[in-house]
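**Q** This is the structure I want to talk about, given as structure tokens.
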Amino acid sequence: MSDILHSSLVLSSKAGSGGGSSDNQDLLGVSFDGTNAAGTRTYGAADLSFTKSTDQAAGTDPFRENPIYQGYYVLVKYNSTTQKAEIVAYEGTKKYDDMITANEEDFDVVRMFPLFYFKHIIDNQGKIQIVLSKTAKAGFKPSPMHYRNGVLHEWIGITRYAWGNAGSGAIAARAGLYPLTNTTRDSFETKARARGMRVFGIKEASALQILGCVKYANLNWQSAIGAGFSGAPTSDRTITIAQENANSVIVSNSYTANFPVGASIYLASNDFRTITGNTAYDEDNIEVSFGGAPFTSTTSTKVHGGLAINGSADNVKGLDGENTAMHASANRRSVIILGIENLFGNCWKFLTDTMRMNGTSASYFNPNPDGDSTYPEESNLRGWQQGPIILTTSGYIKRFAPTYSLGDLTHLSIPAELGGNENNPVGDYQYSNDATERKCCLFGGTLGGGAFGGPFCLSWSYGLGVAGWFDGALGVFVPDL
């Protein structure tokens, strides 16, 4: 362990192994050696053991009994009178169940997370120490998503689902909707603020990374939870037989596994449909059926086995695990992480408060994303803070930027060295290039990334106005905003 790491933690090895005072037992921690993805739980977490849940069986999750991890679901709606987003129903109440069942109102399903405090130390060899506390302690910082523009919030909510298309261009995070994609980051900002919400950013991503690493004791979450919805379905599949005004498309039967019943199919320009049938058409082709308006296809039309539908992981018997039965193909699974569906995989998520500045390769972060969300320029930084230099090549992450290089941004996990592999020490990928124009930051990986996706996966390759069929967003609810 480096001197910096040791002096920053100032915590005894006895306490770190699970012994020591009751005060130290209230802490939960994990350490990583910089070489292996799997870590070692420390302090009160040392004797805890987590196993994932599936749609078939509940796993082992003693962390749910700890106050740091005791969240709950709510339904949030915009109140036009107060011009704020407000909680209208709580999990476990009849109103909550009735609203979910009826699915007639314009609400977001939100997972509420309680305030916690942390130490997150990374040395220049890539060794990592994370320690959590429910209460403020000397040397600890408040959760980055709870400390916003100088205000400390007791609770912050993140939408359970990616924002989907609720009709007429509106967004909503509810089961049964396709994640809304092909929309720019600024479009999500406009739509979110109109409903009193905010867009998921580096503060929220960092907080979930911190919580998840302690709980799963692994930097490669796919090995602890599941691979997510990623891989083969992303490839373009060419129509083999044209049809006029049909509720189906015909493709080669070699693609059968890409279009399972219950998943979605991407037709064109953010047009997603639920797949209702997948049957033989002739000896060489299958007919993939779907609902909605009739669709005309030509032999030049290309379709995708599209994104998972929101709610695909609803029957997982816990807040962390995968739906093993959702899809016919083994790499088309829905996962739920800390109560949020498909945090990684499924589609890229915009980090609204993060960017790469043109000509410098430096990262920049907005300390007040709840206020002015406008991207900065070199001539007008708008209060954004400079962070670590961004690598201009792509590859598996080997090491994150050391804590002492981050200033006040000690929660960030920005790659400082590539050259890892699909398993160690992280298992996640960074996409980047040496272009000089300003770049947005995308988080979590996409269908196109296959196994490269994960909770530390970032892309710095797309311009600020990016809009693609695999670009989406999660929502953030700030109760006191």
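**Q** Just in region 282-361: which GluC sites (Glu not before Pro) are loop by DSSP and have at most 13 other Cβ atoms within 10 Å?
**A** Details: sites: GLU283, GLU287, GLU322, GLU341; in loops: GLU283.
Those satisfying the criteria are GLU283.
**Q** Follow-up question, since we're still on this one. Do you know the relative contact order of region 163-314, to the nearest whole percent, from alpha carbon pairs under 8 angstrom that are 6+ apart?
**A** Worked out over region 163-314, it gives 27 percent.
**Q** Shifting gears a bit: Relative to the first principal axis of the alpha-carbon coordinates of the chain, what is the inclination of helix 185-194, with its axis defined by its Cα atoms, in degrees from 0 to 90 and to the nearest 10?
**A** Value to nearest ten degrees: 80.
**Q** Show that you can apply the helix-only estimate: for the chain, add -39,500 (n - 2.57) for every DSSP H stretch of four or more residues, divide by all residues, and state [θ] at 222 nm to the nearest 500.
**A** Counting only the DSSP helices, I get -3000 deg cm²/dmol.
**Q** How high is the relative contact order of region 189-273, in percent, with contacts defined as C-alpha pairs under 8 Å that are six or more residues apart?
**A** Across region 189-273, relative contact order equals 12 percent.
**Q** Here's another thing I want to ask about it. Would you list, by chain and number, the lysines whose Cα falls below 27 Å from the Cα of LYS134, excluding same-chain residues fewer than 8 positions away?
**A** Candidates past the 8-residue exclusion: LYS14, LYS52, LYS119, LYS203, LYS215, LYS317.
**Q** Sorting TRP348, TRP384 on the 10 Å Cβ count, fewest up front, what's the list?
**A** Ordered from fewest to most neighbouring Cβ atoms within 10 Å, TRP348, TRP384 come out as TRP384, TRP348.
**Q** Shifting gears a bit: Obtain the nm distance between the two label points defined at GLU154 and LEU481 by a simple spin-label model: each point lies 7 Å from its Cα along the Cα-to-C-beta direction.
**A** My value for the distance between the label points is 2.0 nm.
**Q** Taking Rg/Rh (Cα atoms, Kirkwood Rh) as the quantity of interest, determine which of (1) 0.97; (2) 1.23; (3) 1.12 was computed from the displayed structure.
**A** (1)
A short reminder: the numbers here are calculations on the coordinates, not readings from a lab. Bear in mind the structure is a predicted one, so any value in this text is a computation, not a measurement. Glycine gets a Cβ as well: all are built from the backbone with ideal geometry, and neighbour counts include every protein chain shown.
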